Amino acid sequence: MNVAVIGSGGREHAIVKMLSESKNVDEIYAIPGNAGMNDLCEVMYRVQEDDFHAIAGICIERQVDWVIIGPPEPLEKGLADYLIDEYGLTVFGPRKKEAQMETSKVFTKELLKKYNIPTANFEIFRTYSEAEIYLMETNFPKVIKQDGLGSVTGVGVEVVNSLDEAMEALKNLAIVTQDDSIEPLIIEEYMDGEEFSLMVLVNGDTYHAFETIAQDHKSAYAKGVGPNTNGMGAYAPVTHITEDIREEAINQLIEPTINAMVEEGLDYFGVLYLGAMHTSEGVKVVEYNSRFGDPEAQVLMGLLENDFLEMLNKLKNKEPFEMKWKDGFLAGIVLATKNYPMKVDQGLPLYIPEELMDEIFISGVSQTEEGDYISSDGRVLMVTGFAKTIDEAVKKAYDNMDQLSYNPENFYYRKDIAHRALGTPV
């Protein structure tokens, strides 16, 4: 079978790596792909994720059997709908309506509320003045969220601990449409607990939750300091999040959500990513995403031993399957450019030893005409380490990071990945 993978980040690099190991895959086309995929597939650098016509042309010309959409932006714009409705292609990734589980936080929060699925208490605001009044009268901390995907450099979410912080965040996040009207903002209670990620493969009323949990690190800097990012590192499995908690998340959050989607007439086909919080009151939904997490996908797929395409074929046919996992731990550390997540610094040089490529997932790296590596996005790459224990995996990941060469004034990474698993909580 021929497969097209849409996207250019570390998540898509992980998908391409898994497909390259599949006995069911003949050819892989990455659109637009990245510099880490050159030895694994045909990389279509000149075709962008939003060029639906060109993507369809490649899929038809190359007789593509599966299209796997990695990032949320093309899902929000309706790429799945276009490829399915216009060309009859098989697409792993939800249609625009179903993708609202990620692309509209208001949509998801209202769905959770309607079906009594545990999540943070929240209010929705559509005018600046109403949000301002609410913040002046509420208690802190609070979390303020934009309805959509957020900007290119930011994540559209801020945790605020005081009125001053809240008013500043309101200025940053509120998108004024006219006069006092704004695009919807959610202000919700701050949930105290431990966050974890659980990936679920979904086809309508059928699903398979990953047996292994990953844990992301959202803050830019160690000890939870700094702005929220799209992820500065991850590791799996998370052994201190017990099987009881995973099952609670499935029974109290995932299954009711899938049933709610079916009840609402949604026909979801793709990954449903649960961001959950284990609180003193039980597990609650932080967010849902309509694709694999990044960087969680990289560590999970690095541990998954299944033939990825065979698994997707079984999901499509609603056939049961088992997931097989490597015996050990995988830790990953994200290298980011100096101003991430506030600004993207492109063109910063770095050296990646070729022998280290098997341990790396590329996110934002391109090559010059001379073949040198330079940054092309805020999150540059993730260096991983695999070992029998989490301690050894983390050490190996940091040892591998030390093999990269770059100006330390241009890049940074967190020094405390997997600190909870190592027993050093912030």
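Some points to look at:
- Multiplying the residue separation of Asp39 and Glu392 by 0.36 nm and removing their Cα-Cα distance gives an extension gain of 124.2 nm.
- Relative contact order of the chain: 16 percent, from C-alpha pairs under 8 Å at least 6 residues apart in sequence.
- Share of carbon and sulfur in the accessible heavy-atom surface of the range 81-165 [1.4 Å probe, %]: 47
- Using the rule -39500 (n - 2.57) for each DSSP H run of four or more residues, divided by the residues of the chain, the 222 nm mean residue ellipticity is -8000 deg cm²/dmol.
- Estimated distance in nm for a label pair at Glu409 and Asn24, the labels positioned 7 Å out from Cα along Cα-to-Cβ: 5.2
- Gain on full stretching of the segment that runs from Glu281 to Ser162 - 0.36 nm per residue minus C-alpha separation: 40.4 nm
- Solvent-accessible surface of the chain, taken per residue with a 1.4 Å probe and all protein chains present: 43 Å².
- Rough spin-label spacing in nm, given labels placed 7 Å along Cα→Cβ, for Trp325 and Ile133: 5.0
- Beyond 32 Å in Cα-Cα separation lie the following of the pairs Lys109/Lys415; Lys113/Lys318; Lys105/Lys318; Lys284/Lys415; Lys114/Lys171; Lys114/Lys218: Lys109/Lys415.
- Convex hull volume of the C-alpha atoms in the range 50-131, normalised per residue: 126 Å³.
- Counting every pair of alpha carbons in the range 189-246, the share spaced more than 16 Å apart comes to 56 percent.
- The fraction of accessible area contributed by carbon and sulfur in the range 291-426 is 46 percent, rounded to a whole number (1.4 Å probe; ligands and nucleic acids excluded).
- Val271 accessible area, assembled protein chains, probe 1.4 Å, Å²: 10
- Kirkwood Rh in Å, taken over the range 349-426 so that all alpha-carbon pairs contribute: 13.7
- Whichever aspartates and glutamates have a C-alpha closer than 18 Å to that of Lys316, once near sequence neighbours (fewer than 8 apart) are set aside: Asp65, Asp81, Asp85, Glu98, Asp205, Asp267, Asp307
- Projected area, mean over directions - the chain, Cα convex hull, nm²: 20.3
- Accessible-area composition of the range 169-244, carbon plus sulfur, in percent [1.4 Å probe]: 44
- Label-to-label distance, Thr177 versus Lys338, with points set 7 angstrom from Cα along the beta-carbon direction: 4.0 nm.
- One decimal place: the segment Val225-Glu189 gains 11.0 nm when fully extended, by the rule 0.36 nm per residue minus the C-alpha distance.
- Pairs of alpha carbons in the range 28-68 whose separation is greater than 13 Å (percent): 50
- Taking Cβ atoms as reference points and 9 Å as the exclusive limit, the residues near Met1 contribute a net charge of -3, counting Lys and Arg as +1 and Asp and Glu as -1.
- Between the alpha-carbon centres of the range 81-138 and the range 375-402 there is a gap of 33 Å.
- Proximal aspartates and glutamates relative to Lys395, as straight alpha-carbon distance under 12 Å, when same-chain residues fewer than 8 apart are discounted: Asp416
- Taking only the Cα atoms of the range 222-359, the radius of gyration and Dmax are 18.1, 52 Å.
- Average Cα contact separation per residue, the range 90-199, under 8 Å, 6 or more apart, as relative contact order %: 32
- When the square roots of the Cα gyration tensor eigenvalues are ordered a ≥ b ≥ c, the ratio a/c for the range 174-216 is 1.5 or more and a/b does not exceed b/c, which makes its shape oblate.
The values are calculated or read from the model by the stated rules, or taken from the named source; none is laboratory data. Just so we're clear, the structure is a prediction, and the values are computed from it rather than from any experiment. For neighbour counting, all protein chains shown are included, and Cβ atoms are generated from backbone atoms with ideal geometry for every residue, glycine included. Note: areas computed on protein heavy atoms with side chains; ligands, DNA, RNA excluded. Shrake-Rupley method; radii C 1.70, N 1.55, O 1.52, S 1.80 Å.
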